[in-house]
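What follows is a short report on a single structure.
The values are calculated or read from the model by the stated rules, or taken from the named source; none is laboratory data. It should be emphasised that the depicted structure is a prediction, and the values quoted were computed from it without experimental measurement. FYI the Cβ positions are ideal-geometry reconstructions off the backbone, even for glycines, and counts take in every protein chain you see.
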Amino acid sequence: MFEASLAQSAILKKVLDAIKDLLNEANFECTDDGIKVQAMDNSHVSLVSLELRSDGFEKYRCDRNLSMGVNLASMAKIMRCSSNSDKVTIKAQDDNPDKVSFIFESSNQERISDYEMKLMDIDADQLGIPDTEYSCVVKMPSAEFARICKDLNQFGESLVISCSKEGIKFSTSGDLGSANVKLAQTTDADKDDAVTIEMRSPVTLTFACRYLNHFTKATPLSSQVQLSMSDEIPLLVEYRIGDMGCIKYYLAPKIDD
Amino acid sequence: MSQKKLSSFFKTI
């Protein structure tokens, strides 16, 4: 038996919006600790790692570890049938379920709807991600990061990110011309609009802009985003999901041949 | 420049 309830479906909708364009399908691994998803996009260039801890749910019960293979477009269709303020319960009866139910309850309890979704067998590679001490860790407003990725995507396919003590610079160029956005570190680190940089050594890396734009679909989840970078290893882009977990995106860099 | 795959950095488990 698996059952997990959230007071408001809005969080789950935002989580799904943050991954459904990058991934077609994914295994939801459910344990007593919570729900985890790790999946690569089709081209194996980026990876999504999602964690929702059990203590962040209003109610959570997982008698035995189970893996639910989910078609994310199907789940997104079902989630769109809920109102943001609905309570949502995810329920699977068996230890090895072939279907999962979503129950939406309106705040006044006057409307209850349930949707059953077929699960699928997904045979996917799992990657071991080593703990890394990154050369630069930048925290910045998530809306600013989204704006930069969107604006610069018009100029070129590749985005160069350079980070130093002075700040972080995003650059691109293409047929139209070139573009640079520099952000300086702010003095007040506690505010939502703060830009903070922890640096061991300066870093310059090149990434496909298209994937960064996909990652910014997580912007509604968190006012801040954290970028962790070291030379010649994948970028880590991390959004917190309130106090209940986080969504991490890894993106392999482009490297000179 | 060439786009690397994640398997160049993270090992399959």
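I want to confirm something. Restricting to the range A:201-214 and keeping residues that are under 22 Å from A:Asn42 (Cα atoms) and touching a residue at least 60 places away in the same chain (Cβ under 8 Å), which single residue is nearest to the other protein chains (Cβ to nearest Cβ)?
Looking at residues that are under 22 Å from A:Asn42 (Cα atoms) and touching a residue at least 60 places away in the same chain (Cβ under 8 Å), I get A:Ala208.
Tell me which residues, restricted to the range A:238-256, are in a strand (DSSP E or B) and within 14 Å of chain B (Cβ to nearest Cβ).
Once the filter is applied, which keeps residues that are in a strand (DSSP E or B) and within 14 Å of chain B (Cβ to nearest Cβ), the range A:238-256 yields A:Lys248, A:Tyr249, A:Tyr250, A:Leu251, A:Lys254, A:Ile255.
Which members of the range A:124-154 meet the condition of being at pLDDT 95 or above and of a type in the set (Val, Ile, Thr)?
Those that are at pLDDT 95 or above and of a type in the set (Val, Ile, Thr): A:Val137, A:Val138, A:Ile148.
If you go through the range A:132-165, how many residues are touching a helix residue (DSSP H, G or I) at 6+ places or on another chain (Cβ under 8 Å) and either at positive phi or assigned to a helix (DSSP H, G or I) (or both)?
Number of matching residues: 7.
Any residue that is out of contact with any Cys (no Cβ under 9 Å at 6 or more places or on another chain), within 14 Å of another protein chain (Cβ to nearest Cβ) and either aliphatic (A, V, I, L, M) or over 29 Å from A:Asp131 (Cβ atoms) (or both) - is there at least one of those in the range A:47-56?
Looking through the range A:47-56, at least one residue is out of contact with any Cys (no Cβ under 9 Å at 6 or more places or on another chain), within 14 Å of another protein chain (Cβ to nearest Cβ) and either aliphatic (A, V, I, L, M) or over 29 Å from A:Asp131 (Cβ atoms) (or both).
Between residues in the range A:51-75 that are in a loop (DSSP other than H, G, I, E, B) and buried (at least 16 other Cβ atoms within 10 Å of the Cβ) and residues that are at pLDDT 95 or above and of a type in the set (S, T, N, Q), which pairs lie under 8 Å by C-beta distance while being six or more apart or on different chains?
Once the first residue is in a loop (DSSP other than H, G, I, E, B) and buried (at least 16 other Cβ atoms within 10 Å of the Cβ) and sits in the range A:51-75, its partners that are at pLDDT 95 or above and of a type in the set (S, T, N, Q) give A:Phe57/A:Ser5.
Where residues in the range A:176-194 are under 25 Å from the mean Cα position of the chain (by Cα) and modelled with pLDDT of 95 or more, which of them is surrounded by the most Cβ atoms within 10 Å (Cβ to Cβ)?
Looking at residues that are under 25 Å from the mean Cα position of the chain (by Cα) and modelled with pLDDT of 95 or more, I get A:Leu183.
Name the single residue that is nearest to the other protein chains (Cβ to nearest Cβ) among those in the range A:222-237 being touching a Cys at 6+ places or on another chain (Cβ under 9 Å) and either closer than 17 Å to A:Leu12 by Cα or among the small types (Gly, Ala, Ser) (or both).
Of everything passing the filter in the range A:222-237, A:Ser230 is nearest to the other protein chains (Cβ to nearest Cβ).
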